[in-house]
Amino acid sequence: DAGVTQSPTHLIKTRGQQVTLRCSPKSGHDTVSWYQQALGQGPQFIFQYYEEEERQRGNFPDRFSGHQFPNYSSELNVNALLLGDSALYLCASSPQGQGIYTGELFFGEGSRLTVL
Amino acid sequence: AQSVTQPDIHITVSEGASLELRCNYSYGATPYLFWYVQSPGQGLQLLLKYFSGDTLVQGIKGFEAEFKRSQSSFNLRKPSVHWSDAAEYFCAVAMEYGNKLVFGAGTILRVKS
């Protein structure tokens, strides 16, 4: 059973460009959350998707947007990239949005974005 | 607002020695507390969680944590560290019925032989 898979694993962009990161949740999971982990920091919640809708959002600007597809996979899009967007972007999946409390929140290995 | 403080950025212990990683939280209501571990090239893995009840909780890989409301702490412990425990450890808190985790900045554990 594949866990949470993310792509690409590494990518380099320049300031002002746009990036799309992809996440496939663990089998049986329908909820996807995205976190940003800057170097030396803990992960910060960006948003969560459930039933193809953004259910909750953290303190991130509108340059960060997402999408969830009918097969529960998700994309994170970041427009007008800034140097400060360089980070590891983590995707986490859970069943029915309650994974935090049941211990069924599973994280992918992340996509490392470098903005030059 | 919720916040989590992990006072130690790095900790080095000898293999076989005991370990305690500190975590303090700030949250007005009953916290939901977690410890995650992140090894290089791997995603975050849940070690243990506390919601209510017994304040000493057991987790995977021989880890345990104790919730102390009076000190707003949730420290992680292990009686005997193995070289494979070298990783970064994150304490996190969640609101009741919330959908997000708030993480501390992490503690990097180094194990020397």
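So for segment A:49-116, averaging the separation of alpha carbon pairs under 8 Å that are six or more residues apart and normalising by length, what relative contact order in percent results? Can you show the working numbers first?
Values: 89 pairs, mean separation 18.0, N = 68.
It comes to 26 percent, rounded to a whole number.
Please compute the contact order of chain B in relative form: average sequence separation of alpha-carbon pairs under 8 Å and at least six residues apart, divided by the residue count, as a percent.
Numbers: 277 pairs, mean separation 42.8, N = 113.
Relative contact order here is 38 percent.
Once the other residues with Cβ under 9 Å from the Cβ of A:Leu81 are scored (Lys, Arg +1; Asp, Glu -1), what is the net sum?
On the way: positive: A:Lys13, A:Arg15, A:Arg63; negative: A:Asp85.
Here the count lands on +2.
Take every residue in peptide B:99-110, count the Cβ atoms of other chains within 10 Å of its Cβ, and give the average of those counts. Mind dumping the intermediate values first?
Values: counts 14, 13, 9, 5, 7, 2, 4, 5, 0, 1, 0, 0.
Shielding by partners across B:99-110 averages 5.
Whole-Hz ³J(HN,Hα) for each residue in segment A:57-70, computed from phi via Karplus 6.51 cos²θ - 1.76 cosθ + 1.60 with θ = phi - 60°, x for glycine and proline: what do you get?
10, x, 8, 10, x, 5, 4, 9, 9, x, 7, 10, 9, x
Could you work out the local net charge near A:Asp30, counting Lys and Arg as +1, Asp and Glu as -1, over the other residues with Cβ closer than 15 Å to its Cβ?
On the way: positive: A:Lys26, A:Arg55; negative: A:Glu51, A:Glu52, A:Glu53, A:Glu54, A:Glu104.
Net local charge, A:Asp30 excluded: -3.
Obtain the radius of gyration and the Kirkwood radius of chain A from its C-alpha atoms and give Rg over Rh.
Result: Rg/Rh = 0.95.
Across peptide B:35-47, how many C-beta atoms of other chains are within 10 Å of each residue C-beta, on average?
4
222 nm [θ] for chain A, helices only, -39500 (n - 2.57) per DSSP H run of 4+, per residue, to 500? Kindly include the intermediate steps, with their values, before the conclusion.
Working: 1 runs with 4 residues, N = 116.
Result for chain A: -500 deg cm²/dmol, rounded to the nearest 500.
In whole Å, largest first, what are the principal axis extents of the Cα atoms in chain B?
Largest first, chain B extends 42, 28, 23 Å along its Cα principal axes.
With a ≥ b ≥ c taken as the square roots of the eigenvalues of the C-alpha gyration tensor of the protein assembly as shown, please select rounded if a/c is under 1.5 and otherwise prolate if a/b is larger than b/c or oblate if it is not?
Values: a/c = 1.78, a/b = 1.45, b/c = 1.23.
The shape class here is prolate.
For segment B:45-60, in order, what is each residue's ³J(HN,Hα) by Karplus, 6.51 cos²θ - 1.76 cosθ + 1.60 with θ = phi - 60°, in whole Hz (x at glycine and Pro)?
Values, residue by residue: 10, 6, 8, 6, 8, 10, 10, 6, x, 3, 7, 9, 10, 9, x, 7 Hz.
Report the local net charge at A:Gln17: Lys and Arg +1, Asp and Glu -1, summed over other residues whose C-beta lies under 12 Å from its C-beta.
Values: positive: A:Lys13, A:Arg15, A:Arg63; negative: A:Asp85.
Here the charged neighbours net out to +2.
Report relative contact order for chain A in percent, whole number only (criteria: Cα-Cα under 8 Å, sequence separation at least 6). Could you put the intermediate results ahead of the total?
Numbers: 306 pairs, mean separation 42.0, N = 116.
It comes to 36 percent, rounded to a whole number.
Values quoted throughout were computed directly from the atomic coordinates according to the rules given, and no laboratory measurement underlies them. What you see is a predicted model, and the numbers here were worked out from it, not measured in a lab. Using ideal geometry, Cβ is built from the backbone for each residue, glycine included, and neighbour counts are taken over all protein chains shown.
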